[in-house]
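Take a look at the structure below.
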Amino acid sequence: MSHPHNTSHHDHGHDHDHGHDHPHAPAAPDDEDHYDRYEVLLQTAVRELLHEKGIITADELHRQIDYQDSLTPMIGSKIVAKAWVDPVFKAQLIAQPLEAINDSFGLDITTPLDLVVLENTPSVHNVVVCTLCSCYPRMLLGIPPAWYKSVDYRSRVVSEPRQVLAEFGTHLPDDVEVRVSDSTADLRFLVLPYQPAGTAHLSEEALAELVTRDSMIGTALPLSAST
């Protein structure tokens, strides 16, 4: 599956060339509440403009905000668990992610965004970042964590991914290749973690409990069956 917007960085020596072709705002330091002030101001301005032009009512806007706030990583966890137990679904998920998710889970995720599923294997580990802002698959993982939006994570994970992973407590063997994929305004990534050893006997529901938000970003591994 070829996606021209996918900018991936391996942990070999490389120059970081960001592939964004969209009008991101310049990165600004997070304030004490971990919010980007530019982002908050922009959201407020757009919301007020939509309301003023009659494009969306205040009630409709509040309902959409409530819906977005209700999304949690459990949606993604169930998707990963099903991919672990169902090879046909896994193949469909990698080939046509949103179509496979909607069909299998009875969802109606409609978005102009492209979604790419990055499969971890015993020899490859994927990590996701958005180097210029905080593009993130909210429809599957909910609200992004504050650290994902931080300048420190966005700048360091592309240049020293193993060090950043170690700070998350994720230590990978030297022979595992680390790939860092950079999200854009029209492209989102979901990491499909490698199924932990000794979990083949677990039900789909039990497996979903092992899939954490961070493992679907790539900064962590799934929980073990004994955790």
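Here are a few things to note about the model shown:
- Test: Arg154 is under 16 Å from the mean Cα position of the chain (by Cα), basic (Lys, Arg) and modelled with pLDDT of 95 or more: yes
- Subset of the stretch 207-222 (residues that are part of a loop (DSSP other than H, G, I, E, B) and within 14 Å of His171 (Cα to Cα)): Gly218, Thr219, Ala220, Leu221, Pro222
- Residue in the stretch 160-179 that is at pLDDT 95 or above, within 13 Å of the chain's Cα centre (by Cα) and either under 18 Å from Pro73 (Cα atoms) or of a type outside the set (Val, Ile, Thr) (or both) present: no
- Selection of the stretch 118-135 for residues being open to solvent by 10 Å² or more (accessible area, probe 1.4 Å) and touching a helix residue (DSSP H, G or I) at 6+ places or on another chain (Cβ under 7 Å) yields Glu119, Thr131, Ser134.
- Counted residues, the stretch 164-199 - those being surrounded by fewer than 18 Cβ atoms within 10 Å (Cβ to Cβ) and among the aliphatic types (A, V, I, L, M): 5
- Complete set of residues in the stretch 179-206 that are in contact with a helix residue (DSSP H, G or I) (Cβ under 7 Å, 6 or more places away or on another chain), in a helix (DSSP H, G or I) and farther than 20 Å from Pro97 by Cα: none
- Hits in the stretch 200-227 - residues which are crowded, with 19+ Cβ neighbours inside 10 Å and over 24 Å from Trp147 (Cα atoms): Leu207
- Close contacts from the stretch 167-196, counting a first residue that is at negative phi and a second that is in a strand (DSSP E or B) and aromatic (Phe, Trp, Tyr), with Cβ to Cβ under 8 Å and a gap of 6+ residues or different chains, come to Ser181/Phe189; Ser183/Phe189.
- One residue from Asp114, Asp108 being at pLDDT 90 or above and among the acidic types (Asp, Glu): Asp114
- Leu93 meets the conditions (1) surrounded by 14 or more Cβ atoms within 10 Å (Cβ to Cβ); (2) out of contact with any strand residue (DSSP E or B) (no Cβ under 6 Å at 6 or more places or on another chain); (3) more than 30 Å from Ser155 (Cβ to Cβ) in every case but one. The failed one is (2).
- Looking only at the stretch 96-116, and only at residues there that are of a type in the set (A, V, I, L, M, F, W, C) and touching a residue at least 60 places away in the same chain (Cβ under 8 Å), the one that is surrounded by the most Cβ atoms within 10 Å (Cβ to Cβ): Leu115
The values are calculated or read from the model by the stated rules, or taken from the named source; none is laboratory data. Just so it is clear, the structure is predicted and the values come from calculations on it, not from any experiment. Don't worry about glycine lacking a Cβ; one is built from the backbone with ideal geometry, like all the others, and counts go over all protein chains shown. Only protein heavy atoms, including side chains, enter the accessible area calculation; ligands, DNA and RNA are left aside. Shrake-Rupley method; radii C 1.70, N 1.55, O 1.52, S 1.80 Å.
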